[in-house]
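*Asks:* Please read through the structure below; I'll follow up with questions.
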Amino acid sequence: MRPATSTTLPCRNGATPGKFAARASNYYDQANQLKSIRDEGLIGLANFSCCQDALRRLDKTFQAFFARVRRGEKPGFPRFRSFRRYDSITFPSYGDGCRLLDDGKLRIQGAGLIKVKLHRPVEGEIKTVTIKRDVDHWYVCFSVQRDTVALPESPREIGLDVGLDSFVALSNGREIDNPRHLKRGLAHLRRAQRRLSRRKRGSSRCRKAALLVAKAHRKIRNQRAAFHHHLSRWLVERYGFITVEDLNIQGLSRGILAGPVHDAGWHSFFANLSYKAASAGRELVKVDPRGTSQVCVCGAAVPKTLAERWHECPVCGLSAPRDVVSAQVILERARVGRSRHNVEDVVSCVPREAVAFKVAE
């Protein structure tokens, strides 16, 4: 789908756009033309609501494009999606062209009955249905509306400090290792990309090689997502008050450590933790991240370089891993104005030698 009326669009290099030669088309203008276009047989989609959803996507894309132009950012002109790159369709109204039957099969208008492997029962009222293609796998995504089920109340509190050496350090002294999924799968990904680079662009062998690259990326992506889901669920089930840093992840992903930051996927982890906490009735608080690694729990300033991974406070004598102390500081900042204090979450002051001996055991 494309705009029906002629307009002067902004230049791809970010130049200031000129005046519009005609009124710009919006979603409603193109939606009014759907009936005549479908009557002429120019649209292959069988369902009318799917066509409307495609127009909504197009309108949303151009609205974001013009908003970037107005803000003076790099506009990034919307790219045409061929049938090989258009990987999903949405039925915005359940029952209109798509319905899940009692026998577990999915009835789709224009495709008939399709067998579905439901990994869990669909709970609540289904609102929308999206058919999605992921390389050579197909998925159906149900958007449902249901009441939240709160977990039993827990008085336990925890502070989280995400990092690259360990994925997350907890204020109770535990550290979760960083799995580094991209680094582990990089050898296989390199071989697949080298094979793709030797193929003639546009050939059938090139498409087969590109499929192998996409599968390698999918495996890494699924491993990372599974790790985020398992860890966030583990935290929500055990703690009623969770505190994290309000990091500028987009800014961190542009620096010298961009690769490891992208591999860790902090934004995805925080998103999973946020919606799981809201659904379970937990409290998730984000605090200011500035200076969390440069102060002690007692409030004394303990400046450290990035290479220094151990915290030694000259005032209170606290000796503990740097990231664990940062998690404690994050938790204390979130406790300001609160009356709850959990002694279990505080790491005792121990010498460096005792910790090293305990780890060796």
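*Asks:* When you scan the stretch 49-128 for strands (runs of 3 or more DSSP E) that lie fully inside it, which ones turn up with 2 or more residues that are over 30 Å from D147 (Cβ atoms) and out of contact with any Leu (no Cβ under 6 Å at 6 or more places or on another chain)?
*Replies:* In the stretch 49-128, the matching strands (runs of 3 or more DSSP E) lie at 112-115.
*Asks:* Now, a different point. Regarding G265, is this residue open to solvent by less than 40 Å² (accessible area, probe 1.4 Å) and touching a Pro at 6+ places or on another chain (Cβ under 7 Å)?
*Replies:* no
*Asks:* Going residue by residue through the stretch 246-257, is there one that turns out to be open to solvent by less than 40 Å² (accessible area, probe 1.4 Å) and in contact (Cβ under 8 Å) with a residue 40 or more places away in the chain?
*Replies:* Scanning the stretch 246-257, I find no residue that is open to solvent by less than 40 Å² (accessible area, probe 1.4 Å) and in contact (Cβ under 8 Å) with a residue 40 or more places away in the chain, so the answer is no.
*Asks:* Among the residues of the stretch 266-308, write down those that are closer than 30 Å to R146 by Cα, among the small types (G, A, S) and touching a residue at least 24 places away in the same chain (Cβ under 8 Å).
*Replies:* Selection gives S268, A277, A278, S279, A280, G281.
*Asks:* Under 6 Å by Cβ, and 6 or more places apart or on different chains, what pairs join a residue from the stretch 321-337 that is free of Cβ contacts under 8 Å to residues at least 40 places away in the same chain with one that is open to solvent by less than 20 Å² (accessible area, probe 1.4 Å)?
*Replies:* R322/H311; V325/H311
*Asks:* I need a count of the residues in the stretch 199-258 that are under 24 Å from L189 (Cβ atoms) and of a type in the set (F, W, Y).
*Replies:* Looking only at that region, the number is 1.
Listed here are the residues, each with its yes/no results for (1) among the polar types (S, T, N, Q); (2) out of contact with any helix residue (DSSP H, G or I) (no Cβ under 8 Å at 6 or more places or on another chain); (3) open to solvent by 20 Å² or more (accessible area, probe 1.4 Å).
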residue	(1), (2), (3)
V140	no, yes, yes
V149	no, no, yes
P152	no, yes, yes
V162	no, no, no
S171	yes, no, no
L182	no, no, yes
L186	no, yes, yes
A210	no, no, yes
A214	no, yes, yes
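*Asks:* When the residues of the stretch 216-233 are narrowed to those that are in contact with a helix residue (DSSP H, G or I) (Cβ under 6 Å, 6 or more places away or on another chain) and open to solvent by less than 60 Å² (accessible area, probe 1.4 Å), which ends up farthest from D161 (Cα to Cα)?
*Replies:* Checking each candidate, the answer is A216.
*Asks:* Looking at (1) touching an Asp or Glu at 6+ places or on another chain (Cβ under 6 Å); (2) exposed (fewer than 15 other Cβ atoms within 10 Å of the Cβ), which is the only condition G44 fails?
*Replies:* Just one mismatch for G44, condition (1).
*Asks:* Could we say that G299 is out of contact with any strand residue (DSSP E or B) (no Cβ under 6 Å at 6 or more places or on another chain), closer than 24 Å to V336 by Cβ, open to solvent by less than 40 Å² (accessible area, probe 1.4 Å) and not acidic (D, E) here? Full working, then the answer.
*Replies:* Numbers: out of contact with any strand residue (DSSP E or B) (no Cβ under 6 Å at 6 or more places or on another chain): yes; closer than 24 Å to V336 by Cβ: yes; open to solvent by less than 40 Å² (accessible area, probe 1.4 Å): no; not acidic (D, E): yes.
Taking the combined requirement at face value, the residue does not satisfy it.
*Asks:* List the strands (runs of 3 or more DSSP E) inside the stretch 277-329, counting only whole elements, that have at least 1 residues being in contact with a helix residue (DSSP H, G or I) (Cβ under 8 Å, 6 or more places away or on another chain), of a type in the set (V, I, T) and within 30 Å of S232 (Cβ to Cβ).
*Replies:* Correct list: 283-287.
*Asks:* Hey, could you check the stretch 129-138 for residues that are in contact with a helix residue (DSSP H, G or I) (Cβ under 9 Å, 6 or more places away or on another chain) and open to solvent by 40 Å² or more (accessible area, probe 1.4 Å) and say which is nearest to K215 (Cα to Cα)?
*Replies:* Looking at the filtered set, the residue picked out is V135.
*Asks:* Continuing with this model, one more query. Find all pairs meeting these conditions: Cβ atoms under 7 angstrom apart; at least six residues apart or on different chains; first residue within the stretch 169-182 and more than 16 Å from S326 (Cβ to Cβ) and touching a residue at least 12 places away in the same chain (Cβ under 8 Å); second residue outside any strand (DSSP E or B) and open to solvent by less than 30 Å² (accessible area, probe 1.4 Å).
*Replies:* Listed by first residue and then by second, the contacts come to R180/D263; H181/I220; H181/D263; L182/I220; L182/D263.
*Asks:* Among (1) among the hydrophobic types (A, V, I, L, M, F, W, C); (2) within 30 Å of P152 (Cα to Cα); (3) open to solvent by 40 Å² or more (accessible area, probe 1.4 Å), which single condition is L196 missing?
*Replies:* (2)
*Asks:* Further, regarding this structure: Do we find that V336 is closer than 15 Å to E157 by Cβ, open to solvent by 20 Å² or more (accessible area, probe 1.4 Å) and assigned to a loop (DSSP other than H, G, I, E, B) in this structure?
*Replies:* Against the criterion (closer than 15 Å to E157 by Cβ, open to solvent by 20 Å² or more (accessible area, probe 1.4 Å) and assigned to a loop (DSSP other than H, G, I, E, B)), V336 qualifies.
The values are calculated or read from the model by the stated rules, or taken from the named source; none is laboratory data. Here the structure is a predicted model, which is why all the values come from computation and not from measurement. So basically every Cβ, Gly included, is an ideal-geometry build from the backbone, and we count neighbours across all protein chains shown. For the accessible areas, the whole protein counts, side chains as well, though only heavy atoms, and no ligand, DNA or RNA atoms are used. Shrake-Rupley method; radii C 1.70, N 1.55, O 1.52, S 1.80 Å.
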